[in-house]
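Novice: Please read through the structure below; I'll follow up with questions.
The values are calculated or read from the model by the stated rules, or taken from the named source; none is laboratory data. Computed from a predicted structure; not experimentally measured. With ideal geometry, Cβ positions are generated from the backbone for all residues, glycine too; neighbour counts draw on all protein chains shown. These accessible areas exclude ligands, DNA and RNA; they are computed on the full protein's heavy atoms, side chains included. Shrake-Rupley method; radii C 1.70, N 1.55, O 1.52, S 1.80 Å.
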Amino acid sequence: DAGVTQSPTHLIKTRGQQVTLRCSPKSGHDTVSWYQQALGQGPQFIFQYYEEEERQRGNFPDRFSGHQFPNYSSELNVNALLLGDSALYLCASSHQAGPKEKLFFGSGTQLSVL
Amino acid sequence: SQQGEEDPQALSIQEGENATMNCSYKTSINNLQWYRQNSGRGLVHLILIRSNEREKHSGRLRVTLDTSKKSSSLLITASRAADTASYFCATDSAGNNRKLIWGLGTSLAVNP
């Protein structure tokens, strides 16, 4: 039973560039949430996708956008990268009909913006 | 914004000792969860306690919840070196369980 997988594991970009991060949810899960975790901080909620729609959004600018595909996988896109976007980006999956409070996390993508 | 605040921020103990971490939060909640994170990678769910529960156990873990004080504690008994990690509390908010709000975490070091 595959857990949550994220790619790539590490990424280095320069200011102003665009980046796409990918996530495949745990088998049987239909809901994907994205979190940003800066060094020494707790995760910050970016947004959640269910049925290919953004259902909830945290306090992040429009430079952060996402997508969910029919197979429930998801992408996080960040445009016009800033130095402050350097962080660990975590994807979490759950099932709407199940105990959705409990999240299963991937290992994250470490993004460095230079 | 951070909802929870864990204390202490860092804790160092010897193997076999108990470790207690505390979490405070600001708004009404449906439930509170504790997660563990090794070396800045993915988080692993440890235990969930609902707002109508006061105490919950899972193996060597014991969680308490005091909704009147908006606080929770996580006790790890008979700690092991493998328990070395960061521990986070996360809360939903009553009426909105789609997102979790996280504290800053407690960094636990268990020395052999």
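Novice: Is one or more of the residues making up region A:95-107 more than 10 Å from every other protein chain (Cβ to nearest Cβ), touching a Ser or Thr at 6+ places or on another chain (Cβ under 9 Å) and at pLDDT 95 or above?
Specialist: Within region A:95-107, none of the residues are more than 10 Å from every other protein chain (Cβ to nearest Cβ), touching a Ser or Thr at 6+ places or on another chain (Cβ under 9 Å) and at pLDDT 95 or above.
Novice: If you check B:GLU6 against the conditions, is it of a type in the set (D, E, K, R), under 30 Å from A:THR9 (Cβ atoms) and touching a residue at least 24 places away in the same chain (Cβ under 8 Å)?
Specialist: So B:GLU6 fits the description; yes.
Novice: Only one of B:GLN14, B:GLN33 is at pLDDT 90 or above and open to solvent by 70 Å² or more (accessible area, probe 1.4 Å). Can you tell me which?
Specialist: B:GLN14
Novice: Can you tell me which of A:SER7, A:SER27 is surrounded by fewer than 18 Cβ atoms within 10 Å (Cβ to Cβ), away from every other protein chain (no Cβ under 14 Å) and on the phi < 0 side of the Ramachandran plot? Let's see the steps before the verdict.
Specialist: Values: A:SER7 fails: away from every other protein chain (no Cβ under 14 Å).
Among A:SER7, A:SER27, only A:SER27 is surrounded by fewer than 18 Cβ atoms within 10 Å (Cβ to Cβ), away from every other protein chain (no Cβ under 14 Å) and on the phi < 0 side of the Ramachandran plot.
Novice: Would you confirm whether any residue within region B:54-67 is farther than 26 Å from A:GLN110 by Cα, surrounded by 19 or more Cβ atoms within 10 Å (Cβ to Cβ) and either within 14 Å of chain A (Cβ to nearest Cβ) or at pLDDT 95 or above (or both)?
Specialist: Within region B:54-67, one or more residues are farther than 26 Å from A:GLN110 by Cα, surrounded by 19 or more Cβ atoms within 10 Å (Cβ to Cβ) and either within 14 Å of chain A (Cβ to nearest Cβ) or at pLDDT 95 or above (or both).
Novice: I'd like the residue in region A:77-95 that is farther than 21 Å from A:GLY3 by Cβ and of a type outside the set (S, T, N, Q) and, out of all such residues, is surrounded by the most Cβ atoms within 10 Å (Cβ to Cβ). Quick ask: steps written out before the conclusion?
Specialist: So in region A:77-95, the residues farther than 21 Å from A:GLY3 by Cβ come out as A:77-87.
In the following step, the residues that additionally are of a type outside the set (S, T, N, Q) were identified as A:78, A:80-85, A:87.
On the way: A:VAL78: 24, A:ALA80: 11, A:LEU81: 19, A:LEU82: 12, A:LEU83: 10, A:GLY84: 8, A:ASP85: 20, A:ALA87: 20.
The qualifying residue surrounded by the most Cβ atoms within 10 Å (Cβ to Cβ) is A:VAL78.
Novice: Got at least one residue in region B:87-110 being more than 30 Å from A:PRO25 (Cα to Cα) and surrounded by fewer than 19 Cβ atoms within 10 Å (Cβ to Cβ)?
Specialist: yes
Novice: Would you be able to tell me the number of residues in region A:61-90 that are in contact with a Pro (Cβ under 8 Å, 6 or more places away or on another chain) and either within 14 Å of chain B (Cβ to nearest Cβ) or part of a helix (DSSP H, G or I) (or both)?
Specialist: Matching residues across region A:61-90 total 1.
One line per residue, one yes/no per condition, for (1) assigned to a strand (DSSP E or B); (2) polar (S, T, N, Q):
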residue	(1), (2)
B:GLU6	yes, no
B:SER12	yes, yes
B:GLY16	no, no
B:THR20	yes, yes
B:CYS23	yes, no
B:THR27	no, yes
B:LEU32	yes, no
B:TYR35	yes, no
B:ARG41	no, no
